[in-house]
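S.K.: Shown below is the structure under consideration.
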Amino acid sequence: GDSVTQMEGPVTLSEEAFLTINCTYTATGYPSLFWYVQYPGEGLQLLLKATKADDKGSNKGFEATYRKETTSFHLEKGSVQVSDSAVYFCALIMATGNQFYFGTGTSLTVIP
Amino acid sequence: GAVVSQHPSRVICKSGTSVKIECRSLDFQATTMFWYRQFPKQSLMLMATSNEGSKATYEQGVEKDKFLINHASLTLSTLTVTSAHPEDSSFYICSARSPSVRAYEQYFGPGTRLTVT
């Protein structure tokens, strides 16, 4: 079935460090791919998305590229800030479906 | 952006009692709402999909008599955990979608932490 596997955390980085959170997927068709972020005490917020192969989603300095050949959608940011501390979820949804499939979430802590 | 609220944010109940969790779309009409459950260090798992005015559709393995879902209005869906047991302790998250947007444009609530003692 459809599923998402993402890097386990927690991840702790110093401010201005480079961030990569790996995400790979398994899908029977052509999914749309997402990264959601959850700040403490808040709901999941859409961070970025890509709806077809080779698309790059970007927002707030974060980027992820939909790689069909490696079935991946890794999240990157060149210079993290303390305010980026949150839990990050990779997810997919099929074009004909309603259901999101989420990864397990990766907790990121950025220290000054 | 669209806001979805959940109430309560945390609840502790005794084994055998029932607890109701509310999910509200604050600034849009949600014809479809989704209920997810998250176990520690695990993915969010879809429990059920509810459409306003009709019965919820439950995912395989979810007990519909235990997790009662009501979507009586375009802005409110409720999840009632009946005869709760410690194994029902979890983090419950709802999401909401209006009919005019694409399937993936769902807005998530902040979640409800349920602890059954």
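Read the figures in this text as sums done on the coordinates, not as results from a lab. Fair warning: this is a prediction, and the values are worked out from it, not measured in the lab. For neighbour counting, all protein chains shown are included, and Cβ atoms are generated from backbone atoms with ideal geometry for every residue, glycine included.
S.K.: Where is the GNM fluctuation largest for chain A (alpha-carbon springs, 10 angstrom cutoff): A:Lys77, A:Lys49, A:Lys68?
M.R.: Top of the fluctuation ranking is A:Lys68.
S.K.: Once you've got the GNM for chain B with C-alpha springs shorter than 10 Å, pick whichever of B:Thr80, B:Thr31, B:Thr17 has the biggest mean-square fluctuation.
M.R.: B:Thr17
S.K.: Running a GNM on chain B with Cα contacts under 10 Å, which residue among B:Glu59, B:Glu87, B:Glu22 ends up with the highest mean-square fluctuation?
M.R.: Answer for the Gaussian network model of chain B: B:Glu87.
S.K.: First obtain the Kirkwood hydrodynamic radius of the protein assembly as shown from its Cα pairs, then insert it into the Stokes-Einstein equation at 25 °C and 0.890 mPa s, and state the resulting D in µm² per second as a whole number.
M.R.: Estimated diffusion coefficient is 135 µm²/s.
S.K.: Student exercise: in the protein assembly as shown, how many lysine pairs 8 or more apart or on different chains have Cα atoms under 19 Å apart?
M.R.: 13
S.K.: I would also like to ask the following. Count the net charge of all other residues whose Cβ sits under 12 Å from the Cβ of A:Tyr66, scoring Lys and Arg as +1 and Asp and Glu as -1.
M.R.: Summing Lys/Arg as +1 and Asp/Glu as -1 gives +1.
S.K.: Net charge within 12 Å of A:Ile111 by Cβ-Cβ distance, Lys/Arg positive one each and Asp/Glu negative one each, not counting A:Ile111 itself?
M.R.: -3
S.K.: What length, rounded to one decimal in nm, is gained on full extension from B:Leu68 through to B:Gln42, with 0.36 nm per residue of separation minus their alpha-carbon distance?
M.R.: Between B:Leu68 and B:Gln42, full extension yields an extra 7.1 nm.
S.K.: How much net charge surrounds A:Ser85 when only other residues with a Cβ under 15 Å from its Cβ are counted (Lys, Arg +1; Asp, Glu -1)?
M.R.: Result for the local shell: -2.
S.K.: Using a 7 Å offset from the Cα along the Cα-to-Cβ direction at both B:Lys55 and A:Glu42, what is the distance between the two label points in nm, to one decimal?
M.R.: About 3.9 nm, to one decimal.
S.K.: Take A:Leu108, A:Leu33 and order them by how many other Cβ atoms sit within 10 Å, fewest up front.
M.R.: Listing A:Leu108, A:Leu33 from fewest to most nearby Cβ atoms yields A:Leu108, A:Leu33.
S.K.: Run through the DSSP bridge list for the protein assembly as shown and note the antiparallel percent, rounded to the nearest 5.
M.R.: Close to 90 percent.
S.K.: Which cysteines does chain B leave without a neighbouring Cys Cβ under 4.7 Å?
M.R.: Unpaired cysteines in chain B: B:Cys13.
S.K.: I need the calculated FRET efficiency for the pair A:Ser83 and A:Asp2, taking r as the beta carbon distance and R₀ as 41 Å, to the nearest 0.05.
M.R.: 0.80
S.K.: Let me ask another. Which is farthest toward the positive dipole end of chain A among A:Gly61, A:Thr96, A:Val4, measuring Cα position about the Cα centre, with Cβ charges +1 (Lys, Arg) and -1 (Asp, Glu)?
M.R.: Working it through, the farthest residue towards the positive pole turns out to be A:Thr96.
S.K.: Given 10 °C and 1.306 mPa s, how large is the Stokes-Einstein diffusion coefficient of chain A in µm²/s, with Rh as the Kirkwood radius over Cα pairs?
M.R.: My calculation gives 114 µm²/s for D.
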